[in-house]
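Heads up, the thing below is written out as structure tokens.
The values are calculated or read from the model by the stated rules, or taken from the named source; none is laboratory data. Treat the numbers as computed from the prediction; the structure is a model and nothing was measured. Counting neighbours? That spans all protein chains shown, and the Cβs are built from the backbone with ideal geometry, glycine included. SASA here: full protein model, heavy atoms, side chains in, ligands and nucleic acids out. Shrake-Rupley method; radii C 1.70, N 1.55, O 1.52, S 1.80 Å.
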Amino acid sequence: IVYFGLTYYGVRLTAIVLLIFAGRRFVVLLLSHRSTSRLVLMQATLMAAIIGGAAASGSAVVLRITPFAVSLTFIALFALSLRGTPLIERFARLQDPELSAEKTAYCRNLTKFWVGVLAINSALLLVASLSQSEALWAILVGPVSYGMLGLVFAVEYPIRKWRFQDFDEKSLLDRFLKPVFGSKNRP
């Protein structure tokens, strides 16, 4: 939306369209009956402030910095969760409430690893945001950034399956991985 908008309609109109989307998300979250996390509210508020600033100033750089700012909130979420129950452990407990000590330690270390990955991604997003080329920004923020995050997950998942030998027969991917990684001696 940002690339298309900046290319054809300019900063202010693009920012107004994005403010409508961000505002809609914010209102829906506030009116929903489920509890709204502070992170989501913080992201929506931050996005609205940055996009509003871009609309007021007419600056494409300010508008392009939004993904970087949102990425910082994810780093904060992962990093702050290390004070208590790490975020990845919370996700893991949704599938297995009785995690072993080894899996709990793995979740903590994986959360730390993701803080690092997200920091690298944020640096990439900042460089992209400060670039004068909107096409370069779109490539770095889109396929490169999401490709890097997807690659990390795609590599970590089979490693985790191999390490813990925990294959779900309902999962097509796990049924494929089990004969490849299953029954191997683990370190």
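Data overview
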| quantity | calculated |
| --- | --- |
| Count of region 154-187 residues which are acidic (Asp, Glu), open to solvent by 60 Å² or more (accessible area, probe 1.4 Å) and part of a helix (DSSP H, G or I) | 0 |
| Neighbours by Cβ (under 7 Å, 6+ apart or cross-chain): first from region 148-171, touching a residue at least 40 places away in the same chain (Cβ under 8 Å); second basic (Lys, Arg) and outside any helix (DSSP H, G or I) | ARG163/ARG186 |
| Lone qualifier among ALA128, ALA119 - being modelled with pLDDT of 95 or more and under 15 Å from SER71 (Cβ atoms) | ALA119 |
| LEU41 open to solvent by 20 Å² or more (accessible area, probe 1.4 Å), within 30 Å of ALA138 (Cα to Cα) and touching a Ser or Thr at 6+ places or on another chain (Cβ under 7 Å) | no |
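Every residue, every condition in (1) touching a Gly at 6+ places or on another chain (Cβ under 9 Å); (2) at pLDDT 75 or above; (3) charged (D, E, K, R), yes or no:
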residue	(1), (2), (3)
ILE1	no, yes, no
TYR8	no, yes, no
LEU18	yes, yes, no
PHE21	no, yes, no
ARG24	no, yes, yes
GLN43	no, yes, no
MET47	no, yes, no
ALA54	no, yes, no
SER59	yes, yes, no
